[in-house]
């Protein structure tokens, strides 16, 4: 587990993520608050300091409008590229 203090930045993605990592605030929120994983579990599985997980969750809740916009952009990207995915019925047996 990392013992280095990090912040939330927008260096790699078009959305907030943990500094020096490609782990987004939205992803951390999904794992902890939607999937029910503990912050410690998320930290241990991804070599993060548990404080980084809490920073990401704090950022998520401190910036609700920004996070809604991130989710809207993700949904739009999925919709825009849905035609590029294959339907399971098209997969060879």
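Each value in this text was obtained by applying a stated rule to the coordinates, not by laboratory testing. Because the structure is predicted, anything quoted here is derived from the model rather than measured. Quick reminder, even Gly has a Cβ in these numbers, built from the backbone with ideal geometry, and neighbours come from all protein chains shown.
Brief remarks on what is shown
- Mean separation of Cα pairs under 8 Å and 6 or more residues apart, divided by the residue count, gives the chain a relative contact order of 24 percent.
- Comparing 49, 80, 62 in a Gaussian network model of the chain (Cα springs below 10 Å), the most mobile by mean-square fluctuation is 80.
- Size-normalised alpha-carbon gyration radius of segment 8-84, reference 2.2 N^0.38 Å: 1.12
- Mean residue ellipticity at 222 nm, helices only, the chain: -14000 deg cm²/dmol; runs of at least 4 DSSP H residues each add -39,500 (n - 2.57), and the sum is divided by the number of residues.
- Among 16, 39, 64, the largest mean-square fluctuation in a Gaussian network model of the chain (Cα springs under 10 Å) belongs to 64.
- FRET E, pair residue 51, residue 78, Förster distance 22 Å, beta-carbon r, rounded to 0.05: 0.10
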